[in-house]
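Engineer: For reference, the structure I am asking about is given below.
The values are calculated or read from the model by the stated rules, or taken from the named source; none is laboratory data. All of these numbers come straight from a predicted model, not from anything done at the bench. These accessible areas exclude ligands, DNA and RNA; they are computed on the full protein's heavy atoms, side chains included. Shrake-Rupley method; radii C 1.70, N 1.55, O 1.52, S 1.80 Å.
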Amino acid sequence: MRLLPIPDVNGNPMIWINADHLVSVQPITHRGQTGIVLAAEVKVDGMPLQRIPLGELADAREVQEAFANFLAALQAPN
């Protein structure tokens, strides 16, 4: 079994999930006070959707980079 740490906005594990049960991950964005607020919506088999806040970023390039970093962290070996 491979457990994935799902980090919070500070990078600390918020929840651990079994990689075999991960169904989907997608970015969710909306306008914030000073930029674009990014969250990752994570679906794990047998659990409700989890919305993981990833922070407020200045522009679309930073949003793409932050989401790519989040995905990379999920794929990194423990």
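Engineer: How big is the chain along each principal axis, measuring the range of its Cα positions in Å and listing the largest first?
Structural biologist: The Cα atoms of the chain stretch 40, 24, 17 Å along the principal axes, largest first.
Engineer: Then there is this: Under the rule of -39500 (n - 2.57) per DSSP H run of 4 or more residues, summed and divided by the residues of the chain, what mean residue ellipticity at 222 nm is obtained, to the nearest 500 deg cm²/dmol?
Structural biologist: -7000 deg cm²/dmol
Engineer: Using the heavy atoms of the protein chains and a 1.4 angstrom probe, tell me the accessible area per residue for the chain in square angstrom.
Structural biologist: Accessible area per residue, the chain: 64 Å².
Engineer: Let me ask something additional. On the protein heavy atoms, probe 1.4 angstrom, tell me the percent of accessible surface of the chain carried by carbon and sulfur.
Structural biologist: 53
Engineer: May I pose another question? Among GLN50, GLN33, GLN64, which one shows the biggest mean-square fluctuation in a GNM of the chain, springs joining Cα atoms closer than 10 Å?
Structural biologist: Fluctuation is largest for GLN33.
Engineer: For VAL44, VAL23, give me the order by solvent-accessible area with a 1.4 Å probe, most accessible first, ignoring ligands, DNA and RNA.
Structural biologist: So the residues, ranked largest to smallest area, are VAL23, VAL44.
Engineer: To continue, here is another question. Normalised by the number of residues in the chain, what is the relative contact order in percent for Cα pairs under 8 Å and 6+ residues apart? Before the final figure, lay out the partial values.
Structural biologist: Details: 131 pairs, mean separation 19.9, N = 78.
RCO, the chain: 25 percent.
Engineer: I'd like the accessible area for ARG51: 1.4 Å probe, protein heavy atoms, all chains in place, Å² to the nearest 10.
Structural biologist: Number for this one is 140 Å².
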